[in-house]
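Beneath this line is the structure, given in structure tokens, with notes to follow.
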Amino acid sequence: MLKNRQLSFTFIQQSFSKFCNDAPASNAENNLERNRKNTRWKHGIYSSVFDKSIGQGGADVVLSCSLVEEGSGMGGMGGGALFSRTPATLVLRNLAVTPDLSPDTLTPFNPPAVPDPDNIILEAKVESPEIPEADLLLHADCNEQEVTCEISRYFPRNAKEGSTEPAYFIGSLQIEGGGLSLTFILQTLPLDQSDRPALMQSKLELPLSQSGTLLTEVVFLVFSRSESHSAPLGGVALLDCGFRQQAPPPGRELGLEWRLQHRGSGRKVLEIRAGQMEAEEGPAVHVEREGSSVDAALLVGQGNASLTLARLKVSDEGTYICTVSTGLYQAQQVIQLHVTQPPHVSLSEEKLVFWDELPQKLSCHCKNYYPLDVQMEWFSVSSTDSEPRVLSDQVSLSSHRQHSDRTMSISSHLTLHPSAFPPGTTVTCRVTHPALDTPLSLSLTVETPEPDSYWMVLGFLVITVLFFYQVMK
């Protein structure tokens, strides 16, 4: 295991400093130091080959991964592990890059000088299908984004029983902070063994190339460019999902299923079954959730499996699983949908006037919001204050109230004493909620009672008392 970690760090030293040479030196040094301390080796490492004659480049991305296998332990019960992890290296060959990427910033990938059967190096050809948004992988390290990479053995659906060639792997890549999540299937390539017998990888028991790598190609991939999406209650959500594959044989069926998982329960949202060749009959579409749709023409023609959800409800929130299957292969992506509704905030009074020396209550109402996370604060600023003063005493909260559409409401009550809030003092209720870009504030300023109004109110009270006195007499 230690050999493979040292090997990965050698790749980092070969390529990182040159690819990121346009960044400040301090950033490159910090990244290298962080890589030395990072025992999981999640960062991407970059190198390339470049064809100057046509002005287009193909980059090699070297990633440190984990080979995940089922373990023999009993989980937490027996102290073992359900899965074991072995350090591995993934080399994505000839990724498509933008023409403006200078070849001078890239160095070619060089395999180990002496092949080692204990090292797990998967060399994957990426030409057709291409990986979307490949530039995000190239620039992840310079942008200080970690790339999580995991690989496992894969056994295709409906494969011939007892067949061992070719071998398959399924892998996943996730860039920290979003932008690209990818699940791909690798198929091993035949080796030319005419010169000498192939070296066998000790753990996988698969033949290696003369340079000590396991030669593979990407044959199928499912991706999403947004792992998390927020949309307003009653609005429309578009959940991004797509797939790419090598040219399928005639008659191969394409399947798509969207499912929603939330709080331990799941349900099917939409399912499509279609042939991948032109036919008289259109795709079979089965919709479980009213208002959900996938463009079947884009699915078959361009590999666009994105799901549209109209008239969003709180019950639509959760984890959506996009599963694409075609022939031997099946892979999926997971997208989180968050439904939001900003609160409607109001104050119980339009004016703040003390008519006598009695305390007065001011309420701040926060209505019809989702999700539940809301924060309500009170502040005051008088003519003698240099900065707002937080009001925590004399504040009480009502209980949460849930409405039929599952939105929530709550109220905060502040008791004001005339001696502490002289005229000219501004009292503010500030509400913070995930659906608000910035906190929402409502304010009132304590006003001085107008003399005419004061005597008018006092006279009205006297007349009212005298009237009731005469009636009761």
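The values are calculated or read from the model by the stated rules, or taken from the named source; none is laboratory data. Since we're looking at a predicted model, the values are computed, not measured. All Cβ positions, glycine included, derive from the backbone under ideal geometry; neighbour counts span all protein chains shown. The area values use the complete protein model at the heavy-atom level, side chains included, leaving out ligands, DNA and RNA. Shrake-Rupley method; radii C 1.70, N 1.55, O 1.52, S 1.80 Å.
Brief remarks on what is shown
- Heavy atoms of Arg157 accessible to a 1.4 Å probe, total area in Å² rounded to 10: 80
- Rounded, prolate or oblate (a/c below 1.5 giving rounded, otherwise prolate when a/b exceeds b/c) for segment 204-353 by Cα gyration tensor: prolate
- Positive contributions from Lys and Arg (+1) and negative ones from Asp and Glu (-1), summed over other residues with Cβ under 9 Å from the Cβ of Ile335, come out at -2.
- On segment 288-388, 47 percent of the accessible area sits on carbon and sulfur atoms, based on a 1.4 Å probe.
- Gap separating the Cα centres of segment 218-271 and segment 375-407, nearest whole Å: 42
- Net charge of Cβ neighbours under 12 Å - reference Thr326; Lys, Arg +1; Asp, Glu -1: +3
- Summed over the residues of segment 256-400 and divided among them, the accessible surface reaches 55 Å² per residue at a probe radius of 1.4 Å.
- Gain on full stretching of the segment that runs from Ser315 to Ala296 - 0.36 nm per residue minus C-alpha separation: 4.3 nm
- Ordering of 297-306, 462-471 by packing [mean C-beta count within 10 Å, highest first]: 297-306, 462-471
- In Å², nearest 10: area of Glu253 left accessible to a 1.4 Å probe: 100
- Each peptide in 379-392, 325-338 gets a packing score, the mean of other Cβ atoms within 10 Å over its residues, and the list from highest to lowest is 325-338, 379-392.
- With K and R counted +1 and D and E -1, the other residues having a Cβ less than 15 Å from that of Thr425 yield a net charge of -2.
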